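What follows is calculated from the coordinates using simple rules that are stated; it is not laboratory data. Everything numeric in this text was worked out from a predicted model, so none of it was measured. Heads up, the Cβs are rebuilt from the backbone with ideal geometry, glycines too, and the neighbour counts pull from every protein chain shown.
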């Protein structure tokens with residue numbers, strides 16, 4: 001009826017699913033399903049065991065997805081859904097101007113990006129974004145981190161300086177190795193000089 005209302009949902013020892021939406025969220029597994037309607041914030045915890053996955057969905061407005069090694073969340077006007085300790089988290093964007101930010105772990109991690117889907121994965125975690133307007137990925141925590149962008153079209157260019165690389169709506173920062181792959185039959189342009197990482201191009205470039 002009012003106030004700042006919060007819900008906490010806990011997993012079982014089996015394989016469980018958390019679904020986070022702007023108006024309702026639920027966590028379900030074998031023999032149970034717990035639903036939270038209209039809460040300002042919902043936290044789901046995957047601590048008990050099993051292979052647990054979360055799917056977080058945007059609203060019609062401008063929303064933000066954050067993917068980290070231990071927790072991920074998607075938030076917007078009037079809602080915030082947080083997934084703690086899940087083996088895989090997928091964030092989905094369908095309306096508004098939506099942004100996704102990925103953060104690495106202290107181990108060796110891999111970022112992958114194309115025109116629709118991006119991901120950052122490492123030991124014990126995997127975070128994916130689908131359909132976001134802007135993607136930022138940061139490799140600040142340590143380890144040897146690699147990034148791969150694929151399907152680059154001739155109409156788009158890759159720009160890199162110092163510790164970062166920009167491509168269309170992607171911004172990558174502090175990765176140790178970055179590989180860019182041109183789409184079949186395409187010859188994109190790369191302006192990548194004076195960089196602090198190892199850069200490799202696959203396919204035909206100009």
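For Kirkwood radius over Cα pairs in Å, the listed values are (i) 24.3; (ii) 19.2; (iii) 17.8; which was obtained by calculation from the structure presented? Entry (iii).
Annotation: the residues 28, 129, sorted from fewest to most other C-beta atoms within 10 Å of their own C-beta, follow the order 28, 129. In plain terms, the residue of 189, 170 with the fewest other Cβ atoms within 10 Å comes first and the most crowded comes last, giving 189, 170. Arranged from fewest to most other beta-carbon atoms within 10 Å of their beta carbon, 184, 11, 166, 43 become 184, 166, 43, 11.
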